[in-house]
1. Taking the condition closer than 19 Å to Thr76 by Cα and not in a helix (DSSP H, G or I), does Ile136 pass?
2. Please give the number of the condition Trp70 fails out of (1) in contact (Cβ under 8 Å) with a residue 24 or more places away in the chain; (2) buried (at least 16 other Cβ atoms within 10 Å of the Cβ).
3. Modelled with pLDDT under 95 and either in contact with a His (Cβ under 9 Å, 6 or more places away or on another chain) or assigned to a loop (DSSP other than H, G, I, E, B) (or both), is that true of Ile130?
4. Surrounded by fewer than 10 Cβ atoms within 10 Å (Cβ to Cβ), over 17 Å from Arg160 (Cβ atoms) and at pLDDT below 80: does that describe Glu40?
5. Can you tell me which condition Asn32 does not meet? The list is (1) modelled with pLDDT of 80 or more; (2) within 17 Å of the chain's Cα centre (by Cα); (3) not aromatic (Phe, Trp, Tyr), and all the others hold.
6. Of all residues in the stretch 77-93, how many are in contact (Cβ under 8 Å) with a residue 40 or more places away in the chain and under 12 Å from the mean Cα position of the chain (by Cα)?
7. Given the criterion over 18 Å from the mean Cα position of the chain (by Cα) and at pLDDT below 95, identify the matching residue among Glu108, Glu49, Glu58.
8. What residue, of Gly98, Gly113, is at pLDDT 95 or above, more than 13 Å from the chain's Cα centre (by Cα) and at positive phi?
Amino acid sequence: MNKWGLRFIKLLGYLVVAAAIAFGVDLYRNNNVPTTLPDELTLTSLAGEPLSIAKMSEEEPVLLYFWATWCPVCPTVSPTVDWLSDDYNVISVALRSGHNTKISAYLEQQELGFITVNDTQGAIARQFNITATPTILIINNHKVTSATSGFTSPPGILARLWLSKF
């Protein structure tokens with residue numbers, strides 16, 4: 001085998017190890033996320049509308065997105081979540097990010113239009129045992145079918161939404 005072939009195999013090996021480590025870290029961070037929704041969970045959006053994740057998840061999967069204005073990774077994931085909100089049920093939860101006016105200003109500045117709930121004290125995040133931002137949960141028929149935290153690619157999120165239907 002020539003030296004380019006050996007370099008390719010070595011690079012492929014590094015990528016496999018990196019992917020395994022990333023998967024392990026993600027699994028560790030999200031192993032305490034409940035598999036079913038907390039009882040009678042109704043959230044209120046910044047616009048004041050009541051949101052029932054359980055009811056919404058009966059029709060189509062719901063993408064529940066935990067993020068924060070202070071999170072360094074969230075600005076790379078939020079545009080994808082916003083794009084998906086055009087075609088999917090998306091509820092975002094702003095975790096410990098200040099008052100409604102601050103969050104609304106941030107959303108406007110970042111040109112994000114997804115439905116947002118303010119979790120000022122982290123109470124919603126605690127119900128789902130969220131320990132890192134960004135975290136994405138996929139919920140279908142009252143069950144959490146997928147949980148991932150950190151950077152997530154658009155194909156990765158779409159695959160999770162698709163797989164949640166089975």
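The values are calculated or read from the model by the stated rules, or taken from the named source; none is laboratory data. Note that the structure is a prediction, hence the values are computed from the model and not measured. Every residue, glycine among them, receives a Cβ derived from its backbone with ideal geometry; neighbour counts consider all protein chains shown.
1. yes
2. For Trp70, the failing item is (2).
3. Criteria met by Ile130.
4. yes
5. (1)
6. 7
7. Values: Glu108 fails: at pLDDT below 95; Glu49 fails: at pLDDT below 95.
After ruling out the rest, the residue left standing is Glu58.
8. Gly98
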